[in-house]
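To keep things clear, I will list the structure first and then write my remarks on it.
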Amino acid sequence: MQAPRTHTNELPFTPVGGWPAFGTWLLLLAGTIALLVSGAGSGSPPLVISGVLMIPVCILGLVGFFIVNPNESRVLVLFGRYRGSVRREGFFWTNPFTAKHRISLRDHNLEGSRLKVNDLLGNPIDISAVVVWRVSDTARARFDVEDYEHYVHVQSEAAVRHLATRYPYDDLELEDAEVTLRGSSDEIAEQLQEELSQRLARAGIEIVEARLNHLAYAPEIASAMLQRQQAKAIIAARRQIVEGAVSMVHMALEQLDEDGTVKLDAEDKASLVGNLLVVLCGQSHAQPVISAGG
């Protein structure tokens, strides 16, 4: 049975200060030169051999120096063993045989490509997101995934696809939907950031911000959906016009009854109601007809 996989956790490492080590290296270099010069001047082979043997030591000592820039870290590995990570900026020295891998701690922007996905109702949509991320655990980013930058890109696309299938594009077909991709941008951004944080935690990645930057119906249904939106808007406007017209007619009849200036029977009221509704709900302006008698 395969053993369960364990994650690598970041360990702080404090290397030797670079300037004291550099002073020691200069003394070593000066001693090597002195041995070579003294041995060559006196004709002493042992001194010359000692000076020659000190040259590789000086070269190896120089390899041990490294610099950590602001918002940067170095992951140190000695003979296949993780020794720790250096986050403090400055000039340092460590064992020359140690591999020093540079990892940036700065914020990274990932502008995802546009993806064609089906929403909750099966409508094809084009969607993409912008993700701001940074490395929070250098050991996991270096050792637990093959390429952490590529890993962020792939997992971001997977999270966007999964999110798009959980919600409808809008509430045209699902009027009781509480959260939609188009109408609930803050909730969608929060859900995307939470899912990305869960997916990328194993790689030592922290999500600073995640938000959709493009959302639209796919071109093959965009025209039909636009017509549907326009039709729904027209129906809503007509409903409001009719409700307002009925209210105005009701108010007019009540006012006529209260004034008592005009007595209307049921047939006259029906005719008046019909004429008022035609005038108030009609798309064209009313044309008054004046009877000249005859």
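The values are calculated or read from the model by the stated rules, or taken from the named source; none is laboratory data. Just so it is clear, the structure is predicted and the values come from calculations on it, not from any experiment. We place every Cβ from the backbone using ideal geometry, glycine too, and count neighbours over all the protein chains shown.
Taking the stretch 48-81 on its own, how many of its residues are at pLDDT 95 or above and of a type in the set (S, T, Y)?
Counting residues in the stretch 48-81 that are at pLDDT 95 or above and of a type in the set (S, T, Y) gives 1.
All but one of (1) part of a helix (DSSP H, G or I); (2) free of Cβ contacts under 8 Å to residues at least 40 places away in the same chain hold for I103; which doesn't?
So the condition that I103 fails would be (1).
Taking the residues in the stretch 78-94 that are within 32 Å of the chain's Cα centre (by Cα) and crowded, with 17+ Cβ neighbours inside 10 Å as candidates, determine which candidate is farthest from P12 (Cα to Cα).
Y82
Take the residues of the stretch 160-188 that are surrounded by fewer than 16 Cβ atoms within 10 Å (Cβ to Cβ) and in contact with a Leu (Cβ under 9 Å, 6 or more places away or on another chain): which is modelled with the lowest pLDDT?
L174
Within the stretch 47-70, can you find the residues that are in contact with an Asp or Glu (Cβ under 8 Å, 6 or more places away or on another chain) and surrounded by fewer than 14 Cβ atoms within 10 Å (Cβ to Cβ)? Working first, answer last.
So in the stretch 47-70, the residues in contact with an Asp or Glu (Cβ under 8 Å, 6 or more places away or on another chain) come out as 68-70.
Listed by number, the residues that qualify are N69, P70.
Any residue in the stretch 77-99 that is touching a residue at least 60 places away in the same chain (Cβ under 8 Å) and under 21 Å from E195 (Cα atoms)?
Checked against the condition, which is being touching a residue at least 60 places away in the same chain (Cβ under 8 Å) and under 21 Å from E195 (Cα atoms), the stretch 77-99 yields no hits at all.
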